[in-house]
Every structure is written in structure tokens, then in C-alpha cells.
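Worksheet for the structure shown next.
The values are calculated or read from the model by the stated rules, or taken from the named source; none is laboratory data. Just so you know, these numbers come straight off a predicted model, no measurement behind them. Cβ placement follows ideal geometry from the backbone for every residue including glycine, while neighbour counts extend to all protein chains displayed. When the accessible area is computed, the model is the full protein with side chains, heavy atoms only, and any ligands, DNA or RNA have been set aside. Shrake-Rupley method; radii C 1.70, N 1.55, O 1.52, S 1.80 Å.
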Amino acid sequence: MSRLPGRLRGLCLGLASILGLTLAVAVPAAAVAVPAVAGAAPAAGVPASPRTPAQAVAAMQPGWNLGNTFDSTGDDETSWGNPRVTRELLAGIKAQGFRSIRIPVTWGQHQGPDRVMDPAYLARVHEVVGWALDQGLYVMINVHHDSWQWINGMAADHDAVLARFAAIWTQVATAFRDASPRLVLESVNEPQFTGGDPAALLAELNTTFHRIVRGTGGGNAGRLLVLPTLHTSADQVHLDNLAAEMASLDDPNLIATVHYYGYWPFSVNVAGGYRFDATARQDMLDMFARISATFADRGIPVIIGEYGLLGFDRHTGTIEQGEKLKFFELFGHLARTHGVTTMLWDNGQHFDRTQSVWRDPELFAQIRSSWRTRSGTAASDLIFVRRLAPVTAQTITLNLNGTGFTQIRLGTSTLRRGPDFQISGDQLTLTAGLLTRLTKIPGYGVKASLSVRFSRGVPWRMDVISTDRPVVAAAGGTTDGFAVPVAFNGDRLATMTATYADGSNAGPHGWTPYKEYDRAFVPDPVAGVIRLTPEFFAEVTDGAPVMVGFHFWSGEVVRYEVVRDGSAVTGTPIV
């Protein structure tokens with residue numbers, strides 16, 4: 001995801017709007033000088049697009065986002081920390097199995113007062129688009145962070161904003177008019193507006209975009225064009241508004257787009273949403289049902305132009321590994337069965353663009369497998385065995401997902417049914433003998449990783465972890481730097497609650513006792529601390545004791561009291 005605020009605001013808003021169309025401000029193509037860009041012709045020997053829009057969009061699956069690059073709001077594509085794009089990077093993405101690439105582009109800072117685009121910037125975007133097309137990839141470009149930088153002020157500065165938007169698309173569409181039909185143009189990313197009638201303003205932008213691109217002729221006369229919902233939300237009111245808008249345009253070469261980052265409490269790990277539970281699953285099921293009924297079932301192709309988890313913007317460990325794997329497994333399955341094309345959001349946190357490797361190979365293996373088939377999962381990927389208690393058998397529910405259980409492997413060895421485990425339907429029991437054998441090595445932490453195999457898809461890893469109840473200690477510090485000393489003893493923190501003595505909620509997100517992972521609190525097992533952030537203390541009442549509950553994945557809950565006195569903080573274990 002982008003590190004900028006527009007995305008989170010756009011995804012969390014669920015505003016009900018009434019669609020209304022207004023006349024677009026015409027900006028003739030001749031009014032804006034278009035910098036010359038060389039090499040616009042399609043590469044020789046590269047196959048053309050399939051004949052129908054539905055076939056083309058199906059051929060784009062799966063897709064990947066070149067995030068935090070041309071969408072950066074700094075001087076150039078490296079200003080947010082990613083390296084310059086190379087032919088080799090795009091070849092590497094193609095080699096991973098991706099068939100399309102979305103290249104988000106923020107144009108505003110490269111536009112002069114006369115609305116003319118910096119020729120060098122436009123040429124650089126054109127160069128990278130050409131490289132991707134040369135790889136045989138479909139390519140989608142758009143107007144990206146301009147949406148919250150200046151387009152959102154359209155209600156108050158209507159004519160100037162619309163003229164600037166029109167000038168961008170006049171120049172971009174002209175530069176790419178003769179590009180391969182595998183180039184797809186997207187109106188605007190995550191549109192949002194301050195004041196006015198947001199649905200009507202978006203309809204005006206989309207209509208202006210459509211008119212300008214079609215008017216440039218050449219390949220643009222029939223090029224596939226992507227239109228977003230308000231906030232790229234999949235809420236029904238926004239889907240209905242876009243469907244009505246598409247009907248009014250009466251153009252068969254239009255594609256609908258939304259974004260999906262999951263059920264928000266799960267996506268950021270707040271409000272107790274640290275598991276991919278029934279509520280989070282239903283949110284995903286409902287989203288696919290809505291976009292299918294509104295668009296795909298009516299013959300309008302759909303692209304989920306970004307998907308992932310919002311917590312990834314801060315740290316990919318915000319969501320526990322097994323829970324995130326279940327999210328991506330189901331997402332891929334639903335996209336495949338609903339015929340929806342998806343584009344993984346990657347701002348550099350997934351595919352290492354320097355080393356050309358996945359930072360989390362297990363996650364990508366699950367994503368890639370989901371493009372073709374289902375995989376079995378389980379209620380958890382964590383098996384905790386207490387060192388200071390008798391070892392007993394443990395039963396885990398498998399999510400077979402239409403597969404069949406086949407075996408469990410430990411390294412190169414296959415475990416034995418009976419002495420090591422029993423299986424009854426979806427209930428897998430690991431015997432006390434097996435767990436005793438696996439955890440006999442002294443110390444805490446992961447002692448073994450079991451690989452549960454199914455009839456298809458990728459294996460499910462289960463870590464067997466030696467643990468004991470975590471222990472916290474008294475501490476002092478400041479609101480800018482307070483850390484609770486913790487002996488984790490092999491356990492892992494899932495979430496944290498914070499309440500006052502009267503039971504009311506303390507800290508940010510005052511509507512829930514469960515605070516946001518990586519924002520209000522940050523566990524650091526290597527340093528042996530849990531850090532409480534300045535953001536947490538900024539919303540804590542001075543002098544009022546806060547009862548903190550540290551909830552661990554083993555089921556242990558450890559209580560702690562913190563008191564803020566001005567900028568000073570003290571912390572004490574609650575026995």
C-alpha cells in the first residue's frame with residue numbers, strides 16, 4: 001500500500017452518495033502541448049490482445065503493482081526508497097507468473113503552471129511501459145496520488161481541477177495513442193472529494209477521461225479503459241453508481257475496478273481482529289458476491305486493482321503468518337471462481353527488486369498456488385507445548401477446502417499414523433509422544449516445523465513451540481519512549497487491551513479495548529520488550545491508571561498497569 005494517507009481514508013469511508021452527472025469542462029487537445037515521446041509502436045512479434053474485453057481481462061490474471069515508484073510524490077521514481085526500474089525487474093516479474101503489471105503514476109508534481117508535463121518524466125514512464133509491453137505483459141497506468149493531493153478539492157475549485165485533470169489525460173493519451181492494445185488506461189486511483197456531491201464529481205472525472213482518451217484516436221479509439229468506484233470501494237452504493245455511469249457511456253470496452261484490503265479490524269489488527277475468523281471471511285465472500293452480481297455477471301469485466309492487507313504498510317508481521325496465509329488462500333480461490341482479475345499491491349515489501357527474490361517465499365507460494373487451485377489450511381499454524389506442565393495430545397481443526405489430507409512430514413521423514421498422529425475427518429490430533437519427542441531439546445522457541453500435506457495445493461506448516469507463561473517487569477520511561485520488559489519465554493504477542501479502572505477504554509480507538517498492533521504497541525522479542533507508543537499515550541488520561549492486558553497466541557493473558565504523569569510513565573505488573 002502507499003505510505004500516504006489517501007488510501008486508508010478512502011478505504012475506511014463508507015459514504016452514501018447519490019449519482020448525478022454534470023457537464024465536463026472541455027479542454028481541447030490542441031490547448032496543451034504534448035511532449036514528443038519516441039517508441040510508441042507496439043513491439044514486433046508480440047501477440048495482440050484477445051478479441052473481447054472479457055478475454056483481455058482474463059488474460060491479465062494475475063497482476064502485480066509497481067508500487068511506491070512512479071506514484072511517489074518526490075522528485076523521481078526512487079524518492080520512496082525503491083530502485084530505478086530496469087528491464088530485468090520486469091522480466092523477473094513475468095518469470096514469477098504475472099501476466100499484467102499496474103504502474104501507478106502521480107503526475108501533478110511533474111506538471112508546469114501551463115499544465116504541460118515534464119517531457120523527461122513522460123518519456124521515462126513511456127520507456128518503462130514499453131519494456132513491460134516488450135515482455136508480453138498487459139500494462140495499466142493511471143492518475144494516482146493526485147487524487148488526494150489536488151483532485152479532492154474539485155468541489156471548491158471545480159474548473160481548475162477539471163482542466164488540470166483533462167490536461168494530464170490529453171498528454172498521456174496522445175503519447176500512448178499508438179501503443180499496443182495490451183496497454184490499459186485507468187481514470188484515477190481511489191477517488192475522494194472534500195465537499196460537494198462526491199458521486200457526481202467522480203462521474204464527471206470519468207466522463208472527461210473517457211471523452212479525452214477516445215478523442216485522441218489511434219489505438220485509443222477502442223482501448224480498454226478502467227473506471228473506479230468512489231474510494232475504489234466495493235460497497236453496494238458505489239458499485240451501483242459506477243454501473244449507472246457505465247450504462248450512460250454505452251461503451252463495451254470499459255472495465256470496473258475496486259480495491260480490497262480485507263475486513264478492516266483484521267487488515268490492521270485492531271479491535272480483536274487478529275484472526276481470519278468467520279467475520280473476516282464473510283466480509284470477503286460478500287465483496288466478491290457484490291462485484292460479481294453488479295458487474296461480472298452482467299458481462300462487465302472487473303479488476304481488483306490492489307489487494308493485500310493494510311497492516312503491511314507498517315510491517316508484514318502485523319498479521320500472524322498463518323492467519324494471513326488463510327486470507328490470501330481464500331482470496332485467490334474466490335477471484336478464480338468469480339472470474340475476477342487481481343493485482344497484488346507491492347510497494348517493495350514483497351518482491352525484493354534488487355535481489356529478485358520474495359521476502360516471504362511461503363506467502364508468495366500460497367498466493368501463486370491460489371491462482372490454480374485450493375490449498376488445505378488449519379485453525380492455527382502454532383502448536384504451543386508448555387515446558388513446566390505435563391505434555392498432552394493436541395487436536396487441531398483442518399480446513400480441508402475441498403482437498404484431502406495425505407500425510408505429515410518432519411523434514412525428510414514421514415510421521416506415522418497412530419504413534420505420531422490420528423486423523424478423523426477434519427480433526428488432526430498430534431500425540432503426546434510426538435510432542436514430547438519434538439520438545440525435549442532445552443530452551444524456548446520453535447523446536448520443529450511440521451509440514452501437513454494435502455491432495456493438492458501447498459503444504460501447511462505447523463511450528464511446534466516450547467513455551468511458558470511470559471513474565472513482565474516494572475519499568476519507568478517517558479511517553480516518547482516507554483518499554484515493558486518482557487521474558488517472552490517462547491510465546492508470541494497477538495494483541496493488547498487497555499482499559500481504565502471503571503472499565504472504559506483507554507488509548508486510541510476508544511470504541512474498543514483492543515488496541516492497534518504496530519501503532520499503539522510494538523512487541524520486540526529480540527530486545528525483550530513491548531513498546532507502548534507516543535500515539536498510545538497521547539490518548540491516555542493523565543494520572544489515571546491504565547490496566548493493560550497482553551494477549552499471547554498460546555492463550556496466556558498477562559496484566560500490567562501503566563500510569564502517565566505528564567511526560568513520565570511508570571509501569572507495574574499486576575499479579
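Out of contact with any Asp or Glu (no Cβ under 8 Å at 6 or more places or on another chain), open to solvent by 60 Å² or more (accessible area, probe 1.4 Å) and modelled with pLDDT under 95, is that true of A38?
In short, yes.
Going by the conditions given, is D313 more than 21 Å from R99 (Cβ to Cβ), at pLDDT below 95 and of a type in the set (D, E, K, R)?
yes
Looking at (1) on the phi < 0 side of the Ramachandran plot; (2) open to solvent by 30 Å² or more (accessible area, probe 1.4 Å), which is the only condition D420 fails?
Result: D420 passes all but (2).
State all residues of segment 546-555 that are outside any strand (DSSP E or B) and either surrounded by fewer than 17 Cβ atoms within 10 Å (Cβ to Cβ) or of a type in the set (A, V, I, L, M, F, W, C) (or both); if no residue qualifies, say none.
Scanning segment 546-555 gives W553, G555.
Restricting to segment 237-248, give me the number of residues that are touching a helix residue (DSSP H, G or I) at 6+ places or on another chain (Cβ under 6 Å) and within 19 Å of R223 (Cβ to Cβ).
1
Output the qualifying pairs, or none if there are none: Cβ atoms under 7 angstrom, residues six or more apart or on different chains, first residue in segment 427-438 and over 14 Å from T395 (Cα atoms), second residue open to solvent by less than 30 Å² (accessible area, probe 1.4 Å).
Listed by first residue and then by second, the contacts come to L438/A448; L438/V464.
Listed residues G311, G272; which is open to solvent by 10 Å² or more (accessible area, probe 1.4 Å), of a type outside the set (D, E), over 30 Å from A54 (Cβ atoms) and not in a strand (DSSP E or B)?
Values: G311 fails: open to solvent by 10 Å² or more (accessible area, probe 1.4 Å).
When all the criteria are applied, what remains is G272.
Please name all residue pairs, on different chains or six or more residues apart, with Cβ atoms under 7 Å, provided the first residue is in segment 373-387 and is in contact (Cβ under 8 Å) with a residue 12 or more places away in the chain and part of a strand (DSSP E or B) and the second residue is among the hydrophobic types (A, V, I, L, M, F, W, C) and open to solvent by 20 Å² or more (accessible area, probe 1.4 Å).
Close Cβ pairs (under 7 Å, with a partner that is among the hydrophobic types (A, V, I, L, M, F, W, C) and open to solvent by 20 Å² or more (accessible area, probe 1.4 Å)) amount to L382/W553; V385/V391.
Just the residues that are open to solvent by less than 40 Å² (accessible area, probe 1.4 Å), more than 21 Å from T570 (Cβ to Cβ) and over 30 Å from the mean Cα position of the chain (by Cα), please, taken from segment 469-500.
Selection gives N489 alone.
With D240, D251, D297 as the choices, which residue is on the phi < 0 side of the Ramachandran plot, surrounded by fewer than 17 Cβ atoms within 10 Å (Cβ to Cβ) and without any contact (Cβ under 8 Å) to a residue 12 or more places away in the chain? Step through it out loud before you land on a result.
Values: D240 fails: without any contact (Cβ under 8 Å) to a residue 12 or more places away in the chain; D251 fails: without any contact (Cβ under 8 Å) to a residue 12 or more places away in the chain.
When all the criteria are applied, what remains is D297.
Pull up segment 392-416, narrow it to residues that are within 36 Å of the chain's Cα centre (by Cα) and hydrophobic (A, V, I, L, M, F, W, C), then point me to the one that is nearest to D463 (Cα to Cα).
Once the filter is applied, the top-ranked residue is L410.
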